[in-house]
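The structure appears below as structure tokens.
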Amino acid sequence: AVRSLTRLPGERYYYLKRKVGEKQFKLLMRQGLAGAERVLVDPEVESARTGVPHAINYFKPSWDGRHLAYGMSAGGSEDASLHVMDIATGKRLGEPVPRVYDAGIHWLPDSRSYTYTQTNEMKPGQPAIETYMDARVMWQRLGTALPQPVFGPTVTPQLGLVRLDVGQLLTVPGSRWVVARTTDTTVPEGKLFALRLAELGQPNARWQRLATEADRVVDIALQGDQLYIMTQAGAPRRKVVRIDLKAPVALAKAPVVAAEPQDGVLEGFDLTPTALIAQWRQGTSVLLRRYARGDTTGRNLPVPAAGTSWMTRAPAQDSETLLYVFSSWTEPARWLRLVEGRNTDVAFGLRRVPPGLPEVVVTEVQVESHDGVKVPMTILHRKGLALDGRNPVLLDGYASYGFSTSAFFSTQTMAWIERGGVAAFINPRGSGVHGDEWHRAGF
């Protein structure tokens, strides 16, 4: 299995990979799609050294490819510590930084420093609710011993942050700005601020407030002087607007880049040099949709069939070439490269189709709920199965945080179907299959 694939300039690919029989994902890289794999981090080495299982939580390579920041936790705790290594030598720089739980690591454009979010050290007797209170964003320069706190409730009190405003700072090559985004860790909506990068760490840094929780920001991307913002304020199926950081306006007045779809939901987006590429959900399928400059409606990109297409992250935004992984209810995940409307297969990881799979019938239905609302359900069964009500059924659904079930291939599901079982997957209210209103209806 291969996941968390990231592409950086120079056709450098970083990803997590676990072979059949291995316990944990290793962090690998390769130069070019056909390049030889190199293991950067093997958590089993640390597991053997300490006698405690370790796992990789996140990773972020520097833009120039010289250094790698990654988080690793022990004993299934997800309590990650931040490590930084020199990629050429494989040697670790400094000591691990504790309490860096998530992937909010961002390298500055010159690759000589990075920011990360660190939670407070819990004192004996403190309630668990204090875990994420007063988190601070730290700025660490390579070659220096101590980081500098640059953002957070106790660091930038003039911004009116509350104790549970957990922030991270976004920077990208080619931009002279740094954008701060906060969340309370349970929902994506939070506050947005922008600052000229040259002022980062200065006592009188002039942060500009761009959005509050009321603006319902769920995703952002920075490109030059432009900040692209996905919001569900007044648009429960989501839209993307653009703010010029040289002369910012209120989000309600910002020009629309990708309009709210009439059918489907915008799940997320990335940027290329000339366009915005959105992941566009329709039921359990996720399509790719391209929004060229000035086209707020967008055009679907060619994908193999109805299924789930997830783009590889390319944070440098330096290429029009797309790399994505596709899966469906009946087809295992495979990697594809999309160039000028043409797909070619990419040999990333193992893709084994078990022999003798049954022919499967996939049916989309709408099921009436207790109050008459129609809930989408996908039903899978073996072709030719007698639909007489006597077949065992496994019903699977999730209804929280706006998460939606997407089409995916499962050998367990195939084994169940092979033996005459029926599998059914639902996206009830509480999921995000029909947007934010559907999510909140689950409350």
task = Kindly establish whether VAL172 is in contact (Cβ under 8 Å) with a residue 60 or more places away in the chain and either surrounded by 20 or more Cβ atoms within 10 Å (Cβ to Cβ) or not aliphatic (A, V, I, L, M) (or both).
result = yes
message = Exactly one condition in (1) over 23 Å from HIS106 (Cα atoms); (2) open to solvent by 30 Å² or more (accessible area, probe 1.4 Å); (3) of a type in the set (A, V, I, L, M) is false for ALA258; which is it?
response = (2)
request  = Scan the stretch 318-333 for residues that are closer than 16 Å to TYR13 by Cα and crowded, with 18+ Cβ neighbours inside 10 Å and jot them down.
outcome  = LEU322, LEU323, TYR324, VAL325
ask   = Just a yes or no: is a residue in the stretch 321-344 without any contact (Cβ under 8 Å) to a residue 60 or more places away in the chain and among the basic types (Lys, Arg)?
value = yes
task = Give me the pairs, please: first residue somewhere in the stretch 95-110 and in contact (Cβ under 8 Å) with a residue 40 or more places away in the chain and open to solvent by 40 Å² or more (accessible area, probe 1.4 Å), second residue anywhere and assigned to a strand (DSSP E or B) and of a type outside the set (Ser, Thr, Tyr), beta-carbon distance under 7 Å, and either six or more positions apart or on two chains.
result = ALA103/LYS60
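Only one of THR144, THR156 is polar (S, T, N, Q), open to solvent by less than 40 Å² (accessible area, probe 1.4 Å) and either in contact with a Ser or Thr (Cβ under 9 Å, 6 or more places away or on another chain) or touching a residue at least 40 places away in the same chain (Cβ under 8 Å) (or both). Can you tell me which? First the steps, then the outcome.
Working: THR144 fails: open to solvent by less than 40 Å² (accessible area, probe 1.4 Å).
Residue meeting the stated conditions: THR156.
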key: Pairs where the first residue, in the stretch 230-248, is free of Cβ contacts under 8 Å to residues at least 60 places away in the same chain and assigned to a loop (DSSP other than H, G, I, E, B) and the second is among the small types (Gly, Ala, Ser) and open to solvent by 50 Å² or more (accessible area, probe 1.4 Å), C-beta under 9 Å, 6+ apart   = ALA233/ALA214; ALA233/ALA252; GLY234/ALA252
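Kindly indicate whether ASP184 is open to solvent by less than 60 Å² (accessible area, probe 1.4 Å) and either without any contact (Cβ under 8 Å) to a residue 60 or more places away in the chain or within 27 Å of TRP139 (Cα to Cα) (or both).
Working: open to solvent by less than 60 Å² (accessible area, probe 1.4 Å): yes; either without any contact (Cβ under 8 Å) to a residue 60 or more places away in the chain or within 27 Å of TRP139 (Cα to Cα) (or both): yes.
Judged against the criteria, ASP184 is a match.
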ask   = Conditions: (1) open to solvent by less than 60 Å² (accessible area, probe 1.4 Å); (2) over 27 Å from GLY10 (Cα atoms); (3) not in a strand (DSSP E or B). MET122 meets all but one. Number of the miss?
value = (1)
key: In the stretch 201-219, the residues that are in a strand (DSSP E or B) and among the basic types (Lys, Arg)   = ARG209
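Report yes if GLY21 is part of a loop (DSSP other than H, G, I, E, B), open to solvent by 70 Å² or more (accessible area, probe 1.4 Å) and under 26 Å from THR183 (Cβ atoms), otherwise no. Can you show your working first?
Details: part of a loop (DSSP other than H, G, I, E, B): yes; open to solvent by 70 Å² or more (accessible area, probe 1.4 Å): yes; under 26 Å from THR183 (Cβ atoms): no.
No: the conditions fail for GLY21.
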key: the stretch 263-295: number of residues that are in contact (Cβ under 8 Å) with a residue 12 or more places away in the chain and assigned to a loop (DSSP other than H, G, I, E, B)   = 8
key: Members of the stretch 1-18 that are open to solvent by 30 Å² or more (accessible area, probe 1.4 Å) and modelled with pLDDT of 95 or more   = none
remark   = Note on the stretch 119-137: residues free of Cβ contacts under 8 Å to residues at least 24 places away in the same chain and of a type outside the set (Val, Ile, Thr) are ASN120, GLU121, MET122, LYS123, PRO124, GLY125, GLN126, PRO127, ALA128, GLU130, ARG136
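The values are calculated or read from the model by the stated rules, or taken from the named source; none is laboratory data. None of the values given here were measured: they were computed from a predicted structure. So basically every Cβ, Gly included, is an ideal-geometry build from the backbone, and we count neighbours across all protein chains shown. Ligands, DNA and RNA are excluded from the accessible area calculation, which covers all protein heavy atoms including side chains. Shrake-Rupley method; radii C 1.70, N 1.55, O 1.52, S 1.80 Å.
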